[in-house]
Amino acid sequence: MVIPIIGLSILLVLTSTSPFSLDSNTGCNSHDWDCSLHLPLWVSETEKAAIEDRLEGWTKDLETSGADIAILASCLKKPLRPLWISQKTVIWINEVPDYDSWDFTPIILVSASSTSGVTQHRTTSEFSWNYIPGAGDDEESWARGLSPNLFWNHAYDLISTGPDVCNQKVADIVEKDRVYRARRGQDAPQITIKPSISESSPCLDPLLCSDLSNITISSSDEERGIFWLGSTNLALGSSQIAAECSSNVDCVLNCDQWPISVHHQEAEAYLHLPIVSSKMDRFSLFNNLSSAVNFAKSNLTKGRTLLICCHDGEDISVCVCLAILISLFNDEASFLCGLLG
């Protein structure tokens, strides 16, 4: 919601501080501009009201920021208004009004993400929102060091490579650009990409090792992608690995949003808990932890091995595994129920 807020703040500053007159081309008096808050339909009234309550403060911040409002006022003939376009937006080209007939200046906001089929709608608690996942933020987590300029300079090459070698292509482009800038004495920091569990040898962050010093992580060649936590009988992996290697473990706890096919015949040897990310539902993990711990306790008590998986084996499954370790094991990584039994 940053762009709509900035756009409206600009309008409020313009209409309150700049000397406007009747525009000879549009016949529109700038003081009569629509300066109401325009948000997408999925934003709740609660969130809209919270934004409106803070607009005055943001407008004052803009007024005192030193921005050259006069230049903007001289070229803006109509009020700003955001329009949202997603992958599901249907636009009939022959029905789009002529730009000159619009009574506002559009700011086109394009969402590159696809809808997941899960629409968030919370209106009964303080956490009220309708959320559509975005793809334009947190670029440090997915851009792999690729800047906008580098992308557009190599857009066709990147698209033509396909998904299998895209990451390697990006790495080559980023490194060549870094070397180019370094030779010219420009700022050229080394880009480090954190490898996924499936791409790297088993390891833990040093900060975590001090707290889990009694648990070693191991993975055999026959079970590549399954990472065992010492002698706890617990293992982590992606849902794809779980589907391929489920015969190597006694039980599978699937925390992916989608079910998988496993080799176990017994119903108590497989549990699917469709947990979604916190962006989609911040209570999803919490609401499923009890079932996960109970499933683990039931099977670990019988001496069974348990594989906990999620989409990539690095996010939700790790949280669930930590909850199981905290609930069922002591500081020496010994199974509490086994000691008590």
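Where a number appears in this text, it was derived from the coordinates with a stated rule and is not lab data. Please read these numbers as outputs of a predicted model, since none were measured by experiment. Virtual Cβ from ideal backbone geometry, glycine too; neighbours counted across all protein chains shown.
A few remarks follow.
- Efficiency of FRET between SER291 and GLN240 - r from beta-carbon atoms, R0 25 angstrom, step 0.05: 0.65
- Amide proton proximity set for ALA188, modelled H, under 5 Å, gap of 5+: none
- 5 angstrom amide H check on LEU80, placed H, neighbours 5+ away: THR105
- Evaluating 6.51 cos²θ - 1.76 cosθ + 1.60 at θ = phi - 60° for every residue in the stretch 43-58, the Karplus couplings come out as 7, 6, 5, 5, 5, 4, 5, 5, 5, 4, 5, 9, 4, 4, x, 5 Hz, glycine and proline recorded as x.
- For the stretch 262-314, the set of GluC sites (Glu not before Pro) satisfying both a DSSP loop assignment and a count of at most 16 other C-beta atoms within 10 Å is given as GLU266, GLU314.
- The distance from the alpha carbon centre of the stretch 274-341 to that of the stretch 173-190 is 44 Å, rounded to a whole number.
- Residue-wise HN-Hα couplings along the stretch 245-259, as the Karplus relation 6.51 cos²θ - 1.76 cosθ + 1.60 with θ = phi - 60° gives them from phi, are 10, 5, 6, 8, 10, 7, 9, 10, 10, 8, 9, 6, 5, 10, x Hz; Gly and Pro carry x.
- Couplings 3J(HN,Hα) for the stretch 69-85, derived from phi with the Karplus relation 6.51 cos²θ - 1.76 cosθ + 1.60 (θ = phi - 60°), are 5, 4, 5, 5, 4, 6, 10, 8, 9, 9, x, 6, 8, x, 10, 9, 10 Hz, where x marks Gly and Pro.
- The amide H of THR305, built 1.01 Å from its N in the peptide plane, has ASP250, CYS251 as neighbours under 5 Å, considering only residues 5 or more places off or on other chains.
- Measuring against 30 Å, Cα to Cα, the residue pairs LYS48/LYS77; LYS60/LYS88; LYS48/LYS88; LYS48/LYS78 contain LYS60/LYS88 as the ones spanning a longer distance.
- Between ALA188 and MET280, the distance separating the two model label sites (each 7 Å from Cα on the Cα→Cβ line) works out to 4.2 nm.
- Of the two radii for the stretch 139-184, the radius of gyration is 0.97 times the Kirkwood radius, both from the alpha carbons; that is the Rg over Rh value.
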